[in-house]
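The values are calculated or read from the model by the stated rules, or taken from the named source; none is laboratory data. Remember, predicted model here, so these are calculated numbers, not experimental data. Here the Cβ positions follow ideal geometry from the backbone for every residue, glycine too, while neighbour counts run over all protein chains shown. With ligands, DNA and RNA removed, areas are computed over all heavy atoms of the protein, side chains included. Shrake-Rupley method; radii C 1.70, N 1.55, O 1.52, S 1.80 Å.
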Amino acid sequence: MRPAPAPGPLPASMQLTSDGRLRHFLTLEGLSAPLLTEILDLAESFTTVTAQPVKKVPLLRGKTIFNLFFEPSTRTRTSFELAAKRLSADVMNMNISTSSTTKGESLLDTLRNLEAMHSDMFIVRHSQSGAAQLIARHVAPHISVLNAGDGQHSHPTQAMLDMFTIRREKGPLNTLRVAIVGDILHSRVARSQIHALNILNTPEIRVIAPKTLLPKNVEELGVQVHHSLDRGLRDVDVVIMLRLQKERMRGALLPSENEYYRLFGLTRERLALARPDALVMHPGPANRGVEIASDVADGPQSVILKQVSYGVAVRMALMSMCMGNPPGSHE
Ligand code: NCD
């Protein structure tokens, strides 16, 4: 069975203020190249904050941010929490799956309670596609919502930190060949990466996967499709590996993990087919010996840990842009 389709495109007005600034950050669809560039440039300036002995700026002092995680996550939740703290905001972590919703309270009642505590921003992760959008539609006008991953639909902050990493390590995206390899079908990260790469005018975006792990009509997203890793990796500047999202698979989409590794695992020999200076990326968590060999994940071309470091600066940029709007512009 194929997963349920993602929600339709969001009207740009839902995440932008009337003068075109970010209010919510829910999806990359409909956003412009100048806006994405502004996010990347601001993140660049925040990397210097994280390198200082006192890693804090007072930009969001007095603001209250709730991390609403309806799905387990350590890496992304910690990254948002650290970003909020480095901007001097007060941040509360709510592990909703183990609290109110299990006691029968509706999502909207939970939100109203948090609003009553004068929150300014909700960071939302949910297993249902469209959840962050739904919440954004119902919050009070002064509250911003950031999508930290909704179902199989979108994970826009991850895609922005990936763009940041590529731009920092390789230069502008409009000269590069980028390959995304693995379980594209179940990946909200891949969808957001493809949107971001297209908005930033990346001339060649390849997806490399077995047929069973590609969404129907994936070419319509503006990518080249390859079913052979060897052919697909040839001359690329960036290789983005994805995890097999076994928790989302229904039915037998793969013969076995060994067979998958034999055909689609990134080994040193295979990486040699890409450009000699090609970057190896992975949003994590990486499964060594399933989609990537250990010596490649830890090798000289890997920027996997840099992605994690840059993620904090990129999330600082997004939080401060969403909350930096003058009073009244949210209505
Ligand atoms: C990704 C996610 O949750 O979508 N991970 C992450 O945000 N660090 C990718 C994944 O789970 O494979």
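Residues in the stretch 285-297 that are open to solvent by 20 Å² or more (accessible area, probe 1.4 Å), touching a residue at least 40 places away in the same chain (Cβ under 8 Å) and not polar (S, T, N, Q): Pro285, Ala286.
Can you confirm whether the stretch 313-323 contains a residue that is touching a helix residue (DSSP H, G or I) at 6+ places or on another chain (Cβ under 9 Å), surrounded by 21 or more Cβ atoms within 10 Å (Cβ to Cβ) and among the basic types (Lys, Arg)? Yes; the residues of the stretch 313-323 include at least one that is touching a helix residue (DSSP H, G or I) at 6+ places or on another chain (Cβ under 9 Å), surrounded by 21 or more Cβ atoms within 10 Å (Cβ to Cβ) and among the basic types (Lys, Arg). Residues in the stretch 207-238 that are away from the ligand (no atom under 16 Å from the Cβ) and within 18 Å of the chain's Cα centre (by Cα): Leu221, Val238. Taken as a whole, the structure places Arg234 among residues that are farther than 27 Å from Ile39 by Cα and open to solvent by 20 Å² or more (accessible area, probe 1.4 Å). Going by the conditions given, is Thr48 surrounded by 14 or more Cβ atoms within 10 Å (Cβ to Cβ), β-branched (Val, Ile, Thr), modelled with pLDDT of 90 or more and not assigned by TED's automatic domain parsing to the domain that holds Glu169? Taking the combined requirement at face value, the residue does not satisfy it.
If you go through the stretch 159-191 and keep only what is farther than 13 Å from Val207 by Cβ and of a type in the set (Lys, Arg), you end up with Arg167, Arg168, Lys170, Arg188.
Contact map, the stretch 234-246: first residue in a strand (DSSP E or B), second residue of a type in the set (S, T, N, Q) and surrounded by 21 or more Cβ atoms within 10 Å (Cβ to Cβ), Cβ cut-off under 7 Å, separation 6 or more or different chains; pairs are Ile240/Gln193.
Among the conditions (1) open to solvent by less than 40 Å² (accessible area, probe 1.4 Å); (2) more than 16 Å from the ligand (Cβ to nearest atom); (3) not charged (D, E, K, R), Pro300 misses just one, which is (1).
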